[in-house]
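Heads up: the structure comes next, in structure tokens.
The values are calculated or read from the model by the stated rules, or taken from the named source; none is laboratory data. Since this is a predicted model, take the numbers as computed values, not measurements. Every residue, glycine among them, receives a Cβ derived from its backbone with ideal geometry; neighbour counts consider all protein chains shown. Protein only, heavy atoms only, side chains kept; ligands, DNA and RNA dropped before computing areas. Shrake-Rupley method; radii C 1.70, N 1.55, O 1.52, S 1.80 Å.
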Amino acid sequence: MPLLVEGQRVWLLQSARDLVRPHPPLEERARLLRGQSVQQVGPQGLLYVQQRELAVTSPKDGSLSILGSDDATTCHIVVLRHTGNRATCLTHCDGTDTRVEVPLIMSSIKAFPDHAQCGRLEVHLVGGFSDDRQLSQKLTHQLLSESDRQAEDIHLVTLCVTELNDREENENHFPVIHGIAVNIKTAEIYRASFPDRGPEEELRAARALTGGPMISIYDAKTEQLRIGPYSWMPFLHVDFWLQQDDKQILENLSTLSLAEPPHFVEHIRSTLMFLKKHPSPTSALFPGNKALLYKKNEGGLWEKISSPGS
């Protein structure tokens, strides 16, 4: 019985709303999460996770206290936590390769010590809305189905996705929640936004825009953020896209233009400029073809450290 709600295996051939209706606590948690005000999370003790990244750690981590991600429109933010050793993984899924990504999320948690001793795996899914193309609905079904295929029981604790995360305005649909944070120590999950997105934001965004797969970015043993080394092919027609106005970029390079956050175009432009400057990663980005390493300083902020052997 891999995917469970209140101890019962869930029936997946139904909408998210139909799935939670027989389980009042699950429906209530979604309602309470939607009703929260958005908390602005500062950089101290935070690891911000971009699209197609995952990070996992536990309360034993002396550097991090919060994992978070936002800018989810049709994307879903997934939190998987083991209640025994309290290892917590947060990732930002866009449906690129869910069949590969769910086992990757599982293995990141199972790699922590004492995973099999006691406790259970709990999953929280947030994001998406009732979009016309049904991209959110497809991703919700993929994540639930792949979770159900895993060998271990996974308990669905929060489901605030697709129609459960939808609001309507002037006959247009939008997501209610774009971002969440999880407190590693207390397991609290709450609505959040992140003015600071950590180091190498454009480099990490460039990897995702050029089609990079889901990767783990944090080493909990050394408490280091590890970036790269990455590889990518030149972004086709980058000069053409940089010449387009905001409307063209929004309509052609977004999943759903109406639902994107206000800073979407600015983010895409800066990423395209980065790709124009670095059509393929070189030693200028990754000296010695080694990862860029960052560690939290005493003030709780990321600080670059030397790569091993450099």
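Details
- The set of residues in region 261-275 that are assigned to a loop (DSSP other than H, G, I, E, B) and surrounded by 14 or more Cβ atoms within 10 Å (Cβ to Cβ) contains only 261.
- Verdict on residue 123 being surrounded by 18 or more Cβ atoms within 10 Å (Cβ to Cβ), among the β-branched types (Val, Ile, Thr) and at pLDDT 95 or above: yes
- Residue satisfying all of: in region 232-260; in contact with a Leu (Cβ under 9 Å, 6 or more places away or on another chain), modelled with pLDDT under 85 and not in a helix (DSSP H, G or I); nearest to residue 132 (Cα to Cα) among these: 256
- Verdict on residue 216 being open to solvent by 20 Å² or more (accessible area, probe 1.4 Å) and modelled with pLDDT of 95 or more: yes
- Residue within region 156-178 that is farther than 17 Å from residue 72 by Cβ and at pLDDT 95 or above present: yes
- Entry remark, region 125-143: residues being part of a helix (DSSP H, G or I) and either farther than 18 Å from residue 160 by Cβ or in contact with a helix residue (DSSP H, G or I) (Cβ under 8 Å, 6 or more places away or on another chain) (or both) number 6 in total.
- Residue match in region 93-100 (condition: part of a strand (DSSP E or B) and either closer than 25 Å to residue 195 by Cα or touching a helix residue (DSSP H, G or I) at 6+ places or on another chain (Cβ under 9 Å) (or both)): yes
- Residue 75 satisfies every condition listed in (1) touching an Asp or Glu at 6+ places or on another chain (Cβ under 6 Å); (2) farther than 23 Å from residue 201 by Cα; (3) touching a residue at least 40 places away in the same chain (Cβ under 8 Å) except (2).
- Screening the candidates 79, 38, 102 for the property of being of a type in the set (Val, Ile, Thr) and either open to solvent by 70 Å² or more (accessible area, probe 1.4 Å) or at pLDDT below 95 (or both) yields one hit, 38.
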